Amino acid sequence: MDNITKSELIIKLAERYPQLAARDAEFAVKTLLDTMSAALARGQRIEIRGFGTFSLNIRPARTGRNPRSGEKVTVPEKRVPHFKPGKDLRELVDHRTDAEKGLL
């Protein structure tokens, strides 16, 4: 399965909208990603209808073990980004036919 990079996303955006210069497409993608990152850093939730929701999961502090020495180590609380796909995206990704879904 191929991955798509930020630069490939910029190229695809510029190709899809010829009136948009490559520099403008790059600025748009960078602004969108920077804005989303800043919102998550502030603890805000981002909802894009039909696509999904970005939010933060808070993992509480815990006691872990150092795998080499076996000694106890305190692992601090973490805030990690979480993405929950929307219904439209889930259905698009799960592109099975009705027969495969058992509907026929």
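See the values below:
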| read-out | value |
| --- | --- |
| Scope segment 80-100; condition open to solvent by 90 Å² or more (accessible area, probe 1.4 Å) and at pLDDT below 95; matching residues | LYS87, ASP88, ARG90, GLU91, LEU92, VAL93, HIS95, ARG96, GLU100 |
| Residue check for ARG23: open to solvent by 100 Å² or more (accessible area, probe 1.4 Å) and either at pLDDT below 90 or under 14 Å from the mean Cα position of the chain (by Cα) (or both) | no |
| Qualifying residues in segment 31-71 (those that are open to solvent by 100 Å² or more (accessible area, probe 1.4 Å) and of a type in the set (D, E, K, R)) - the one nearest to the chain's Cα centre (by Cα) | ARG45 |
| Some residue of segment 91-103 being farther than 24 Å from THR5 by Cβ, within 23 Å of the chain's Cα centre (by Cα) and part of a helix (DSSP H, G or I) | yes |
| Candidate set: segment 31-80, residues that are polar (S, T, N, Q) and assigned to a loop (DSSP other than H, G, I, E, B); chosen: the one nearest to GLU91 (Cα to Cα) | GLN44 |
| Residue within segment 12-27 that is under 22 Å from PHE83 (Cα atoms) and either of a type in the set (Gly, Ala, Ser) or touching a His at 6+ places or on another chain (Cβ under 6 Å) (or both) present | no |
| Pairs where the first residue, in segment 52-66, is in contact (Cβ under 8 Å) with a residue 24 or more places away in the chain and the second is surrounded by 11 or more Cβ atoms within 10 Å (Cβ to Cβ) and among the aromatic types (Phe, Trp, Tyr), C-beta under 9 Å, 6+ apart | GLY52/PHE83; THR53/PHE83; PHE54/PHE83; SER55/PHE83 |
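The values are calculated or read from the model by the stated rules, or taken from the named source; none is laboratory data. Since this is a predicted model, take the numbers as computed values, not measurements. Every residue, glycine as well, gets a Cβ built from its backbone with ideal geometry; the counts of neighbours run over all protein chains shown. These area figures cover heavy atoms from the full protein model, side chains too; ligands, DNA and RNA do not enter into them. Shrake-Rupley method; radii C 1.70, N 1.55, O 1.52, S 1.80 Å.
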